[in-house]
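Heads up: the structure comes next, in structure tokens.
The values are calculated or read from the model by the stated rules, or taken from the named source; none is laboratory data. Because the structure is a prediction, the values reported are computed rather than measured. In this analysis, Cβ positions are derived from the backbone assuming ideal geometry, glycine residues included, and neighbour counts consider all displayed protein chains. Surface areas here come from the heavy atoms of the whole protein model, side chains and all, with no ligands, DNA or RNA. Shrake-Rupley method; radii C 1.70, N 1.55, O 1.52, S 1.80 Å.
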Amino acid sequence: MRIPRRLALVIPSIALALAFAAAPAQAAEPVDYVAMGDSYSSGAGAPPYGLCFTSASSYAPRWAASHAVSSFLFVACGGVTSQQIGPQYLALSSRTDLVTITIGGNDVGFIDVVLTCATGSDAQCTAAVDRAVATGRSVLPGRLDTVYSTIKRKAPKAEVVVLGYPHLVEPAGTCLSPRKRADLNRGADALDEVISARAAAADVHYVDARDRFAGHGACGPAPWINPFNAAQLIESFHPNRDGYVQGYLPLLNSVTA
């Protein structure tokens, strides 16, 4: 979800970064953890928020609170594209052991797609998703290559975990039309395909979120994704607290010690 540029480019490490020692949940070597990315990492959708729509319910602070960490820098910021995360790189160093990131949704026009599909016709939704898919295939690969290579250069010993995006709505959900629901999920599939391929090319760990969130899309009986809400645009089609705690957190736990 896009937010004003002056807010999206705040360096969260000044006002938001949390650096603390946490009691280890198990015997393990403490790690220096940096959580980067967009609103799906900052915790948008699960208020209350700090600057840049950071939430204590996001998977990142939850993971840091339950693992042995020597430092935790939470620099993810709602609204950023892959070309706007430059300030987040400042949190990385040769000491960094773990980096997590979600990025790419805003590059393909997330806000335009969800607004169009929520308020426009079926045909307008299809066209918006088609534009996003085309942008994802033509523009996003090079941008992701730059992001992943920069992270690896600035944090050469870190394990880099790239988390994908879930399907936004339940296929048989109660909101939007069947065609719009299918289009939104088709867009997520195309985006995840690009992210997965570039993560593999960069030799970083990609984690697919779609199976974990299956059955929990927006407008279903047990949603982990918020439905569209014109009064709370930043929360529309973002994970709710359960989405971060029961969806993304177990995924990150599954690939980390």
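Points to keep in mind about this one:
- Of the helices (runs of 4 or more DSSP H) that lie entirely inside the range 85-202, those containing 1 or more residues that are over 29 Å from A218 (Cβ atoms) and aliphatic (A, V, I, L, M) span 140-154, 178-202.
- Top-ranked residue of the range 95-120 - restricted to ones that are small (G, A, S) and closer than 24 Å to Y206 by Cβ, ranked as surrounded by the fewest Cβ atoms within 10 Å (Cβ to Cβ): G109
- Restricting the range 230-240 to residues that are assigned to a helix (DSSP H, G or I) and within 11 Å of A46 (Cα to Cα) leaves a set whose member that is most open to solvent (accessible area, probe 1.4 Å) is E235.
- Only one of the numbered conditions (1) out of contact with any Lys or Arg (no Cβ under 7 Å at 6 or more places or on another chain); (2) touching a residue at least 60 places away in the same chain (Cβ under 8 Å); (3) closer than 30 Å to P30 by Cα is not met by V160, and that is (1).
- Residue in the range 61-79 that is most open to solvent (accessible area, probe 1.4 Å), counting only those that are closer than 21 Å to N240 by Cβ and in contact (Cβ under 8 Å) with a residue 60 or more places away in the chain: R62
- The range 241-257 - residue that is open to solvent by 50 Å² or more (accessible area, probe 1.4 Å) and assigned to a helix (DSSP H, G or I) and, of those, nearest to A222 (Cα to Cα): D242
- Candidate set: the range 121-156, residues that are surrounded by fewer than 16 Cβ atoms within 10 Å (Cβ to Cβ), over 30 Å from Y33 (Cα atoms) and among the hydrophobic types (A, V, I, L, M, F, W, C); chosen: the one nearest to the chain's Cα centre (by Cα): A134
- Qualifying position, being farther than 22 Å from R131 by Cβ and aliphatic (A, V, I, L, M), among A201, A182: A201
- Enumeration of residues in the range 47-60 that are open to solvent by 20 Å² or more (accessible area, probe 1.4 Å) and under 18 Å from V99 (Cα atoms): A56
- Being within 19 Å of S58 (Cα to Cα), open to solvent by 40 Å² or more (accessible area, probe 1.4 Å) and within 15 Å of the chain's Cα centre (by Cα) is a condition met by at least one residue of the range 166-176.
- Of all residues in the range 33-53, those that are farther than 25 Å from P156 by Cβ have Cβ atoms under 7 Å from Cβ atoms of residues that are basic (K, R), 6 or more apart or on another chain, in A46/R241.
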